[in-house]
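Please read the structure below before turning to the comments.
The values are calculated or read from the model by the stated rules, or taken from the named source; none is laboratory data. Because the structure is predicted, anything quoted here is derived from the model rather than measured. Cβ placement follows ideal geometry from the backbone for every residue including glycine, while neighbour counts extend to all protein chains displayed.
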Amino acid sequence: MEMDAQVVENVQQRRFELPIAGDMFAAAYYRLEGGMVALIHTEVPSEFSGQGIASRLAQGTFELLRKTGRKAKCPFMSRFFAKHPDYADVVDG
C-alpha cells in the first residue's frame, strides 16, 4: 500500500475510499440521515486484512468529516472511535 495514500470522498458512490494497490481500495459506505453522515458498512479486501488499513480508513474518514464540519453516526466504526476519543467532535451516537 502506498504510505502517502489519503482517504477521499466519492460522493457519487456515497463512500470514503482509501487507495491500496492498483485499482483496489478500502471503503466506508454511508447514507445521509437528517444532515448527518451515517457510516453503514466498511470493506477492506481480504488479502489486506490485519495490516491496519481499516484504522487508516477510519482515521482519514473522520479527518475529512472534521475538515468539512460534518457529524457522523458510526455503528460500524465504533470500535475505532472507542480507541480514539479525540474524534468525539465528529461522532454523534
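Residue by residue through the range 59-81, note down the ones that are in a helix (DSSP H, G or I), at pLDDT 90 or above and surrounded by 13 or more Cβ atoms within 10 Å (Cβ to Cβ).
Answer for the range 59-81, where residues must be in a helix (DSSP H, G or I), at pLDDT 90 or above and surrounded by 13 or more Cβ atoms within 10 Å (Cβ to Cβ): Gln59, Gly60, Thr61, Phe62, Glu63, Leu64, Leu65, Arg66.
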Residue that is nearest to Val91 (Cα to Cα) [pool: residues in the range 36-58 that are charged (D, E, K, R) and not in a strand (DSSP E or B)]: Arg56
Cβ-Cβ under 7 Å pairs, at least 6 apart or on other chains, the range 22-50 side within 15 Å of Arg70 (Cα to Cα), far side β-branched (Val, Ile, Thr) and assigned to a strand (DSSP E or B): Tyr30/Val37; Tyr30/Ile40; Arg31/Ile40
Those residues of the range 1-35 which are of a type in the set (A, V, I, L, M), buried (at least 17 other Cβ atoms within 10 Å of the Cβ) and in a strand (DSSP E or B), in sequence order: Leu18, Ile20, Ala26, Ala27, Ala28
